[in-house]
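Structure record follows, encoded as C-alpha cells.
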Amino acid sequence: MGTAEASAYNPAQGDHFPTILSSAQLSALAEQKIEEKLAGIGETRRHELRLQRVASTMHLPAGEVTAVVEFPRGLPYGREFPAVFTIYIDGVMHRKATSYYRLTVYDRVLVAMTDIRAEEAISPANARVEERAVDTLPELTLTDFARVDGRVAGRYIRKDVTITPSLLAMPLVIRAGNPVEIVLDANGIVIRAEGVALEPGRIDYTIRVRNVSSGKILRGKVIDAHTVQVIG
C-alpha cells in the first residue's frame, strides 16, 4: 500500500478537487511494487519494464489519499499486463484506474543452432547458449546443457528457437510391440505377467499393454524399459 503525496493546489480546479494524483506518481508506485514482487520471487536477471498505457492524472477531493496497486494477472514475462490502482480518500474507496505494462526478462539460454528432430539429444552439436528474452522463472530456464538432465527433444524444434522445458521429454524407453513385464501390486501381493506394449512410452508415462496369456488390455505406468506397473 502506498500513500500518494498531494501536488501543489491549483485554485482553478475549485475547492472540491484540491488534490492532484499525477500519472507519474501512479507509475512510480506501480514500478516500485513490480520490482518488489520480482525480488520476492528471486528474480535478479536483467529486465526491462515498459509502460504501455498510462492511467490519467486524477483530480481528487480533499482528504488523506491512499493508492493501492494490484496485478490481477500477475507479472507475466513478455506479455502486456494491467496494474490496477484503487484510490481511497480518508479510507473510503473513491475510484479505480488502470495502467498497462510489459515486462521483458533476459537470460543466457539454450538456443537451437539447427532443426532438431523429436527424440534427438540436446548437445553442443545442435544448440548453443546466448542471451534471449525468456518467459520462464529462473529455476525453469535452461541456461546450460546440465539442466537438460537426460531429456531429449519431445517434438520438432526449429533452428533459432529458444529451448524450453515444454519442448523436452524423457527418452522413449518402450515402443509399440515391445515385450514387457506387467506388474500388479494387489494388497501387498505382487503379481507378474508377460505383456506386450500397445503404444510407445517414457518413464512415468501411462501406456496401454496387453496381457499375453489373457489377452486383456490394461493401462499402466512405465517403470523402466522392460516393466509396466498396472494402475488400480
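Observations, loosely collected:
- A single member of Val222, Val190 is at pLDDT below 95, of a type outside the set (Lys, Arg), in a strand (DSSP E or B) and not assigned by TED's automatic domain parsing to the domain that holds Glu119, and it is Val190.
- Those strands (runs of 3 or more DSSP E) lying entirely in segment 57-156 with at least 1 residues under 16 Å from the mean Cα position of the chain (by Cα) and small (Gly, Ala, Ser): 127-134
- Looking at Gly232, Gly195, Gly177, just one residue is over 30 Å from Ala133 (Cβ atoms) and modelled with pLDDT under 95, and that residue is Gly232.
- For segment 20-43, the criterion of being surrounded by 15 or more Cβ atoms within 10 Å (Cβ to Cβ), part of a strand (DSSP E or B) and not basic (Lys, Arg) is met by at least one residue.
- Matching residues, segment 152-164, being surrounded by fewer than 18 Cβ atoms within 10 Å (Cβ to Cβ) and farther than 17 Å from Tyr106 by Cβ: Gly154, Arg155, Tyr156, Arg158, Lys159
- On the stretch given as segment 85-109, residues that are closer than 30 Å to Leu140 by Cα, surrounded by fewer than 18 Cβ atoms within 10 Å (Cβ to Cβ) and among the hydrophobic types (A, V, I, L, M, F, W, C) total 0.
The values are calculated or read from the model by the stated rules, or taken from the named source; none is laboratory data. Since this is a predicted model, take the numbers as computed values, not measurements. Virtual Cβ from ideal backbone geometry, glycine too; neighbours counted across all protein chains shown.
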